[in-house]
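Presented below is the structure to which this report refers.
The values are calculated or read from the model by the stated rules, or taken from the named source; none is laboratory data. Small disclaimer: the values here were computed from a predicted structure and weren't measured. Glycine also receives a Cβ, built like all others from the backbone with ideal geometry; neighbour counts cover every protein chain displayed.
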Amino acid sequence: MDYYQGVVVEYLRADRSLFINTEYCIQLKEGNPDVGGPNSNWYCDAVAIRPGSNSIFLCEISYAKTMYDLRRRLEAWNENWQGVHDALIRDSKLKEEWSVRPWLFVPQDEDGKQCAKKLVNSLKEIQNGIGLKFTPLITTLEMVQPWKYPYDRKGERIELKPDFIPVEWRG
């Protein structure tokens, strides 16, 4: 786990209605995750479960300037979305009707590289190409700094999210 993953996990834990499992293996088929081949399993930075709203969040944390690796992962998830959903339900012993949503934590702006904007544009390209099978939630890393939220945080301060993030991806 890198440094910023720990910061994001603490941000998630501050909302006591979330239960967190870090380095979660999502494997499309049961069995050994090391023998499935490409796009048969992924290690997700964290999975957050909110029982009160029957929601599962696949939390991915990136501070890469290009967003290339995160885009590739999101494309693979999108192509295998039903399998990702089914694997989470199967392995976490949750009910079929629970919603699954990627929760993406990226820098808003890294040395003028506009990382969050690149991610939004990448998601729009995927959406226009083959359609998104999920609704992402995007939070900037600037929002998860410990001095910017109370310890007993409830939800997110959506008004702090940049305007270029589509409304349906803010909260």
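So, I165, is that one in contact (Cβ under 8 Å) with a residue 24 or more places away in the chain, within 21 Å of Y24 (Cα to Cα) and not small (G, A, S) or not? Let's see the steps before the verdict.
Working: in contact (Cβ under 8 Å) with a residue 24 or more places away in the chain: yes; within 21 Å of Y24 (Cα to Cα): no; not small (G, A, S): yes.
Criteria not met by I165.
Scan the stretch 22-49 for residues that are surrounded by fewer than 16 Cβ atoms within 10 Å (Cβ to Cβ) and at pLDDT 90 or above and jot them down.
Passing the criteria: E23, C25, Y43.
Within the stretch 110-148, track down each residue that is among the acidic types (D, E) and either in a strand (DSSP E or B) or touching a Pro at 6+ places or on another chain (Cβ under 9 Å) (or both).
As a first pass, look at the stretch 110-148 and keep what is among the acidic types (D, E): 110-111, 125, 142.
Hit for the stretch 110-148 is E142, nothing else.
State all residues of the stretch 6-21 that are under 15 Å from T140 (Cα atoms) and buried (at least 19 other Cβ atoms within 10 Å of the Cβ); if no residue qualifies, say none.
Residues satisfying the conditions are V8, V9, Y11, L12.
Taking the stretch 149-160 as the region of interest, how many residues are surrounded by 12 or more Cβ atoms within 10 Å (Cβ to Cβ), more than 18 Å from the chain's Cα centre (by Cα) and of a type outside the set (S, T, Y)?
Going through the stretch 149-160 one residue at a time, the tally reaches 2.
More than 26 Å from G129 (Cβ to Cβ) and modelled with pLDDT of 90 or more: which single residue out of R101, R16 fits that description? Please lay out each step first, then the result.
On the way: R101 fails: more than 26 Å from G129 (Cβ to Cβ).
Going through R101, R16 in turn, just one is more than 26 Å from G129 (Cβ to Cβ) and modelled with pLDDT of 90 or more: R16.
Any idea which residue in the stretch 63-76 is surrounded by the most Cβ atoms within 10 Å (Cβ to Cβ), counting only those that are at pLDDT 90 or above and closer than 18 Å to T22 by Cβ?
Going through the qualifying residues, I end up with L70.
Take V84 and decide whether it is surrounded by fewer than 17 Cβ atoms within 10 Å (Cβ to Cβ), in contact (Cβ under 8 Å) with a residue 40 or more places away in the chain, β-branched (V, I, T) and assigned to a helix (DSSP H, G or I).
Numbers: surrounded by fewer than 17 Cβ atoms within 10 Å (Cβ to Cβ): no; in contact (Cβ under 8 Å) with a residue 40 or more places away in the chain: yes; β-branched (V, I, T): yes; assigned to a helix (DSSP H, G or I): yes.
Criteria not met by V84.
I'd like to know if the stretch 95-108 contains one or more residues that are more than 22 Å from I56 (Cβ to Cβ), among the basic types (K, R) and assigned to a loop (DSSP other than H, G, I, E, B).
From the stretch 95-108, those more than 22 Å from I56 (Cβ to Cβ) are 107-108; that's our starting set.
Right, trim to among the basic types (K, R) and you get none.
No, every residue in the stretch 95-108 fails to be more than 22 Å from I56 (Cβ to Cβ), among the basic types (K, R) and assigned to a loop (DSSP other than H, G, I, E, B).
For the list (1) modelled with pLDDT under 95; (2) touching an Asp or Glu at 6+ places or on another chain (Cβ under 6 Å), I need the number of the one condition that E60 fails.
(1)
Let me spell it out: the conditions are (1) under 20 Å from I165 (Cα atoms); (2) in contact with a strand residue (DSSP E or B) (Cβ under 8 Å, 6 or more places away or on another chain), and E125 meets all of them except one. Which number is the exception?
Only one criterion is unmet by E125, namely (2).
Yes or no: Y43 under 15 Å from the mean Cα position of the chain (by Cα), part of a loop (DSSP other than H, G, I, E, B) and not polar (S, T, N, Q)?
Judged against the criteria, Y43 is not a match.
Looking at R157, R90, R153, which is the one that is farther than 28 Å from C25 by Cβ and at pLDDT below 95? Talk me through it step by step, then tell me what you get.
Values: R90 fails: farther than 28 Å from C25 by Cβ; R153 fails: farther than 28 Å from C25 by Cβ.
R157 is the lone residue from the list that is farther than 28 Å from C25 by Cβ and at pLDDT below 95.
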